[in-house]
1. Choose one answer from Ser81, Ser174, Ser130: the residue with the largest mean-square fluctuation in a GNM of the chain with alpha-carbon springs under 10 Å.
2. Quick one: net charge around Arg178, please, counting Lys, Arg +1 and Asp, Glu -1 for every other residue with C-beta under 12 Å from its C-beta.
3. How tilted is helix 68-79 with respect to the longest principal axis of the chain? Cα atoms for both, answer in degrees (0 to 90, nearest 10).
4. Near the amide H of Glu85, under 5 Å away, which other amide H atoms are found, from residues 5 or more places off or on another chain, if H is placed in the peptide plane?
5. To the nearest whole percent, what portion of all C-alpha pairs in the chain is separated by more than 27 angstrom?
6. Using the Cα centre as the reference, give the magnitude of the dipole from point charges on the C-beta atoms of segment 118-201 (Lys, Arg: +1; Asp, Glu: -1; all else neutral), rounded to the nearest 20 debye.
7. Please give, to one decimal in nm, the separation of the simple spin-label points placed at Arg60 and Ala218, each 7 Å out from Cα toward the Cβ.
8. Which net charge results when you count Lys and Arg as +1 and Asp and Glu as -1 among the other residues whose beta-carbon is under 14 Å from that of Ala139?
Amino acid sequence: MYLAILPRMKWLSTLVVAATIGSTGCDYCGPEQHAITTSANTLMLGGDIATRQIQFVTYRLTEPPASHDVFQFVFNTLEGSTSGEGVALTLTGTDAITQEHVTIVLALPVSLRQGDEYPVGGTFGIDVNSPAQPGFWGAHDLAQANGADVAFVVSTYSFPPPVYTPNFSAASSSGTIRVVNRTRGHVELDLNLSFADANGNVRTVTGDGQANTEKSAALCN
């Protein structure tokens, strides 16, 4: 009798699994899904203005809108690849007082070794209104092999149409970026940066920033 019940139990288990998959549409097929997130716990904005926090520092990058080459370069670097020279990562947030949009791009050596400290060696420009965000992410040729390059823009957002109007764009910069924690798929940075625009106005950014990879199973419809 026991042997007679076994086939029925197996058939019932198969039916339950099939019904679960059919009702949820979640049979986890297809390639693994990837994303990249950047964030900060405490990031402060100062200089020739009263010191205040940069709020809501969080960004999630996926492919698309990022191109395949750009996304894969950043993802693979965070996962431990040392191919290439530099990698660009972006932090974005909001000035807690003025509600202006703050964009910081950090271009760092791909090695990203824990304990390494990179002096800022170059300043580059970015177009905060470009949907493609060139220079925000991906491979970057560093001004100094063991240094960091940075971009920094503070802008006002208006709508409609959606437009960012820069109020401060760094023309020069100085400071350091230190890797305080590094594991596969994760890097945490300590930032101590100073920026000056073409008119001599100064902004500083101090605090932490981090980047992480995300992996999840693909769901079938």
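1. Fluctuation is largest for Ser130.
2. Numbers: positive: Arg113, Arg182; negative: Asp116, Glu117, Glu188, Asp190, Asp208.
The answer is -3.
3. Helix 68-79 sits roughly 90 degrees off the main axis of the chain.
4. Excluding prolines and chain starts, which carry no amide H, the hits are His140.
5. Values: 9891 of 24310 pairs.
So the portion of pairs separated by more than 27 Å is 41 percent.
6. Values: 3 positive and 6 negative charges, 45 e Å.
Roughly 220 debye, rounded to the nearest 20.
7. 1.9 nm
8. Its environment carries a net charge of -4.
Here, each number is a calculation from the coordinates, and none is a lab measurement. Because the structure is predicted, anything quoted here is derived from the model rather than measured. Here Cβ is always computed from backbone atoms with ideal geometry, including for glycine, and neighbour counts include all displayed protein chains.
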